[in-house]
Amino acid sequence: MINARRIGQLVAVPAAAIVSAFIVGAIVLIVSSPLVTGGLDLTLPLRTYYALLSGSLLSFTAIIDTIVYATPLILVGLAVGVGFKGGLFNIGGLGQFYMGALAAAGVGAALASASPLVAVPAALGAGIVAGAIYGFIPGFLKAYTGAHEVVTTIMLNYIAREIVGYAIAGPLRAQGASFARSPDVLNAALPVIVNPGAGHEGSLGILIPLIIVPAIWWLLFRSTIGFELRTVGANPDAARYAGMRPRRMVVFALTLGGLLAGMAGAIEILGRDRYMAASYSSNIGFEAITVALLGRAHPVGIVFGGLLLGAMHAGAPAMQSQAGTPPQMIDLLQGVILFFLAAEIVVRRIFRIRAAASGVDELGTITRTYSGQTTAS
């Protein structure tokens, strides 16, 4: 049975963080309005937020753009959320995303002339496997050497970026291209299922979260392995005493997270870009942390968090063209949202929000060293 009161308590802090961020954003817009309009403009926040809304939700094209931007955020947000449930802080979503994208670009280019029935699954599968392997590495190091996952995943993010630069500028570089990029994936591209206008198409990839989100929910809350994962995340010593194996759960959680992030990278290359540049860059790893915290590490909540940030990205061009507000305002809003999520105690006191028991404390996972679970098999 759905407990409406408990759900309200769980979403209260994220909602308050979002409202607070937009209030702070409005203050920043008013203070900086002389630089935008030449004089103090008290209506700039209203025009900016309306443009943001119109560019993300008020037309079919805008909705498609929001979903396209939200798709990788949801998948990488799930990668972070699964880690939180296991008491782990997977900050390596970016590197896992890069490796999935690189593998998809390479296999997609190699099978560019093959049948789509072969090329598409092979390229997508390559991205998924590459991401899973890249997630397995910090999981194994955490479980069997005690290396903290935050340190190893940050380092692996940098390594992944350099691997992408080397591979695309070297063995995977397209012949005759004016800049360093991989060849077009052609037949390995995900089919376009909706195309409301030039530059606004949505591929088959936007439907993948419809399968993945319920699957992760079932895994976490209806399966034995999900119960073990959440138990290890809540209390590794109790889990070990009950006969569970925390080390295996550590490896499983980070490998699954890598799989999801690699899938997101593959979808981006096969569904949107169709090739990968050596200078390819993204902030998705850090944005996914915001998404996971907004969603309280719950798959359904992560969907809403991903849609919110996806809407911000989709509305940024309209915000700039209609209100003259620089797109960097989106980064400011996301940063302030994350700030208020981290300052949960302050937000609860300001808005008089009662705490609700929600299993693993995501912020607690971020701030503590979780090495106790690696001391026994």
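The values are calculated or read from the model by the stated rules, or taken from the named source; none is laboratory data. Since this is a predicted model, take the numbers as computed values, not measurements. Positions of Cβ are backbone-derived with ideal geometry, glycine not excepted, and every protein chain shown enters the neighbour counts.
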### Query
Is there a residue being surrounded by fewer than 16 Cβ atoms within 10 Å (Cβ to Cβ) and either acidic (Asp, Glu) or more than 13 Å from the chain's Cα centre (by Cα) (or both) anywhere in the stretch 282-299?
no
### Query
Here are some conditions: (1) part of a helix (DSSP H, G or I); (2) among the small types (Gly, Ala, Ser); (3) more than 17 Å from the chain's Cα centre (by Cα). Residue 131 meets all but one. Which one does it not meet?
(3)
#### Entry: Those residues of the stretch 347-368 which are assigned to a helix (DSSP H, G or I) and either modelled with pLDDT of 75 or more or small (Gly, Ala, Ser) (or both), in sequence order
347, 348, 349, 350, 351, 364
### Query
What residue, among those in the stretch 186-234 that are hydroxyl-bearing (Ser, Thr, Tyr) and part of a helix (DSSP H, G or I), is surrounded by the most Cβ atoms within 10 Å (Cβ to Cβ)?
231
### Query
Which one of 119, 104, 114, 109 is outside any helix (DSSP H, G or I), out of contact with any Lys or Arg (no Cβ under 6 Å at 6 or more places or on another chain) and closer than 21 Å to residue 204 by Cβ?
114
### Query
Checking residue 256 against (1) among the hydrophobic types (A, V, I, L, M, F, W, C); (2) in a helix (DSSP H, G or I); (3) within 19 Å of residue 139 (Cα to Cα); (4) modelled with pLDDT under 95, which single condition isn't satisfied?
(4)
### Message
Against the condition crowded, with 16+ Cβ neighbours inside 10 Å, at pLDDT 95 or above and among the small types (Gly, Ala, Ser), how does residue 95 come out, does it pass?
### Response
yes
#### Entry: Out of 48, 71, 66, sole residue that is at pLDDT 95 or above, of a type in the set (Ser, Thr, Tyr) and either farther than 30 Å from residue 232 by Cα or not in a helix (DSSP H, G or I) (or both)
66
### Task
Could you tell me which numbered condition residue 150 fails, if it satisfies all but one of (1) crowded, with 19+ Cβ neighbours inside 10 Å; (2) at pLDDT below 95; (3) under 22 Å from the mean Cα position of the chain (by Cα); (4) closer than 22 Å to residue 90 by Cβ?
(1)
### Message
Condition (residue is under 19 Å from the mean Cα position of the chain (by Cα) and assigned to a helix (DSSP H, G or I)) applied to the stretch 166-175: is it met by at least one residue?
### Response
no
### Query
If you scan the stretch 166-224, which residues turn out to be without any contact (Cβ under 8 Å) to a residue 24 or more places away in the chain and β-branched (Val, Ile, Thr)?
192, 193, 211, 224
### Task
Would you be able to say whether some residue in the stretch 144-157 is farther than 23 Å from residue 289 by Cβ, in a helix (DSSP H, G or I) and not hydroxyl-bearing (Ser, Thr, Tyr)?
no
### Message
Among the residues of the stretch 286-298, are any farther than 28 Å from residue 254 by Cα, modelled with pLDDT of 90 or more and either among the charged types (D, E, K, R) or out of contact with any Cys (no Cβ under 7 Å at 6 or more places or on another chain) (or both)?
### Response
no
